[in-house]
Amino acid sequence: MTEFLAELIGTMILVILGVGVVAGVELKKSKAEGAGWVLVSLAWGLAVTMGVYASGNVSDAHLNPAVTLGFAAIGDFPWDKVPAYISGQMIGAIIGAIIVYFQYLPHWRETEDKSAKLGVFATGPAVRSYPANLVSEIIGTFVLVLGLLFIGANEFTEGLNPAVVGLLIVAIGMSLGGPTGYAINPARDLGPRIAHAILPIIGKGDSDWSYALIPIIGPIVGGVYGAFFYSAMFEGNMGAGFWITSVIVIITLVVAFLNEQRRDKQAVS
């Protein structure tokens, strides 16, 4: 199996199980309807675990463009492999989302809520405020990549690492996922969003492309910064990349803060 195919299959499994649990919770007349956020967070953690088990012995199971770019930025992954990895991740995510569509085939008709149908496939903000939403995705993916590097630096019993990675995803979902649904993975959001756009889902509405850049840019910035932060703080490599990404993140935080201050003043005026 090639690394491209491993990333495709691993990401496909991740999306089948992850998007699948959202479909079960959100779509009408599903036996899991209304099961809630805890189930979604746990199932996403297991989804990542199974994806890592599927592809880890071939490609190290990045399954996420933000992880691939973050590792490449600090020299832990060759840049010439980046296009194949990201291509595999994107194609796998689209295929996985299409499979979920077929799994819940009669339930799309039973569900009238357009936002619920889109929410099965793609993430969206609980409160739409793009600078703050961007910050949420940056922080979530920063913790993800930093956590992956922490895990990789420790010795675990052979075969246990994927389960620990899954627990990391559960923790991020439960602790940080509320504001935006924690995409923390451009392929996980964009691939299923494309599937939503092209599939003949009855009464589906639009695919919210006005928001789509947030779960792409945020995870990439957060993932790259997480890698640079780890390299700087734990390996002593405080190069230009660390300082540049630090400035970008700080500026984003300030812009988000000032935007929310402005909205607060408008709300009380």
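Quick rundown of the values:
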read-out: Residues located in the range 83-99, provided they are over 17 Å from the mean Cα position of the chain (by Cα) and closer than 11 Å to Ile16 by Cβ; value: Ile98, Ile99
read-out: Only one of Gly178, Gly203, Gly173 that is open to solvent by less than 30 Å² (accessible area, probe 1.4 Å), touching a residue at least 12 places away in the same chain (Cβ under 8 Å) and among the small types (Gly, Ala, Ser); value: Gly173
read-out: Condition broken by Asn154, with the remaining ones in (1) at pLDDT below 95; (2) touching a helix residue (DSSP H, G or I) at 6+ places or on another chain (Cβ under 8 Å) satisfied; value: (2)
read-out: Residues (charged (D, E, K, R) and over 10 Å from the mean Cα position of the chain (by Cα)) located in the range 179-208; value: Arg193, Lys204, Asp206, Asp208
read-out: Unmet criterion (only one of (1) in contact (Cβ under 8 Å) with a residue 12 or more places away in the chain; (2) closer than 23 Å to Val143 by Cα; (3) surrounded by fewer than 17 Cβ atoms within 10 Å (Cβ to Cβ); (4) of a type in the set (A, V, I, L, M, F, W, C)) for Leu17; value: (3)
read-out: The range 22-35 residues that are β-branched (Val, Ile, Thr), paired with ones that are assigned to a loop (DSSP other than H, G, I, E, B) (beta carbon under 6 Å, 6 or more apart); value: Val25/Ala32; Val25/Ala35
read-out: Test: residue in the range 162-175 that is modelled with pLDDT under 95, touching a Phe, Trp or Tyr at 6+ places or on another chain (Cβ under 8 Å) and not charged (D, E, K, R); value: yes
read-out: Ala43 aliphatic (A, V, I, L, M), open to solvent by 10 Å² or more (accessible area, probe 1.4 Å) and more than 19 Å from the chain's Cα centre (by Cα); value: no
read-out: Within the range 249-269, considering residues that are among the β-branched types (Val, Ile, Thr) and open to solvent by 80 Å² or more (accessible area, probe 1.4 Å), the one farthest from Glu137 (Cα to Cα); value: Val268
read-out: Yes/no for Gly166 being assigned to a helix (DSSP H, G or I), closer than 24 Å to Ser87 by Cα, touching an Asp or Glu at 6+ places or on another chain (Cβ under 8 Å) and open to solvent by less than 80 Å² (accessible area, probe 1.4 Å); value: no
read-out: In the range 228-246, the residues that are more than 13 Å from Phe142 (Cβ to Cβ), under 26 Å from the mean Cα position of the chain (by Cα) and open to solvent by 80 Å² or more (accessible area, probe 1.4 Å); value: Phe234, Trp243, Ile244
read-out: Qualifying positions in the range 241-269 - hydrophobic (A, V, I, L, M, F, W, C), over 28 Å from Gly191 (Cα atoms) and modelled with pLDDT of 95 or more; value: Phe242, Trp243, Ile244, Val247, Ile250, Ile251, Val254, Val255, Phe257, Leu258
read-out: All helices (runs of 4 or more DSSP H) inside the range 1-108 with 1 or more residues being under 24 Å from Gly226 (Cα atoms), acidic (Asp, Glu) and modelled with pLDDT of 95 or more; value: 3-26
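The values are calculated or read from the model by the stated rules, or taken from the named source; none is laboratory data. From a predicted model like this one, the values you see are computed outputs, not experimental measurements. All Cβ positions, even for glycine, are placed from backbone atoms using ideal geometry, and neighbour counts span all protein chains on display. Heads up: the accessible areas ignore ligands, DNA and RNA and are worked out on the full protein's heavy atoms, side chains in. Shrake-Rupley method; radii C 1.70, N 1.55, O 1.52, S 1.80 Å.
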